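Have a look at the structure below, then the notes.
Laboratory data are not the source of any read-out in this text; all were calculated from the coordinates shown. All figures in this text were calculated on a predicted structure; none of them were measured in a lab. Cβ sites come from the backbone with ideal geometry, for glycine too, and all protein chains shown count toward neighbours.
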Amino acid sequence: MIFFLILILVILYWTWVTRRRNGEPPKISGSLPLIGHTYKMFGNTVQLWDKFVELSNECLSKGNASYFLIFAKKLYVLTDPDDIDLVSNICLQKDKVFSELTKRLVGEGLLFAEVPTWKRHRKLIMPAFNQQVLDSYLPIFNTEARNLDTDTNVQM
């Protein structure tokens with residue numbers, strides 16, 4: 001009897017926490033009760049990457065924003081660059097689950113680094129993205145693009 005009462009309370013809690021609120025994006029399909037989409041997050045890095053691509057494609061089809069569940073935790077998927085820019089500048093501290101997932105997929109890069117590391121490295125790298133510096137790279141990009149075009153035409 002106590003087991004069933006606890007089970008019902010857990011299900012009610014999960015339902016309350018994971019419900020879709022007004023103005024929230026749609027949920028990715030395939031969620032299971034209590035575990036959400038957790039079952040999809042197992043496998044090697046290639047399988048994880050394939051799941052990530054599936055999530056991104058479904059998010060694109062649902063309007064560039066949606067979410068999936070790892071147990072009762074909502075993780076949002078964004079595919080619009082403007083939305084990603086807005087969120088990444090507001091939410092600097094990433095969730096622990098998200099951090100572990102991205103480290104398994106792409107390693108410890110600047111985009112997913114801890115906040116102190118990210119701030120320090122961002123200040124160092126920002127001068128390289130000055131418009132004048134970027135404009136100075138254009139002749140190199142043009143030369144290399146022509147070389148690539150020539151090489152691919154020769155191989156075809």
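Below is a table of values for the structure above.
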quantity: Pair F3, S136: separation of 7 Å Cα→Cβ label points (nm); calculated: 7.2 nm
quantity: Range of Cα positions in the chain per principal axis (Å), largest first; calculated: 75, 42, 31
quantity: Sequence-distant lysines (8 or more away, or on other chains) whose Cα lies within less than 23 Å of K94; calculated: K27, K40, K51, K73, K74, K103, K119, K123
quantity: For the chain, share of DSSP beta bridges that run antiparallel, in % to the nearest 5; calculated: 90 percent
quantity: Sorted by Cβ density within 10 Å, fewest first, the residues W14, W49; calculated: W49, W14
quantity: Cα lying deepest toward the dipole's positive end in the chain, options L92, L138, F52, charges on Cβ; calculated: L92
quantity: Modelled FRET efficiency - R0 22 Å, R122 with S56, Cβ distances, 0.05 increments; calculated: 0.35
quantity: Dipole magnitude of the chain about its Cα centre (Cβ charges: Lys, Arg +1; Asp, Glu -1), debye to nearest 20; calculated: 840 debye
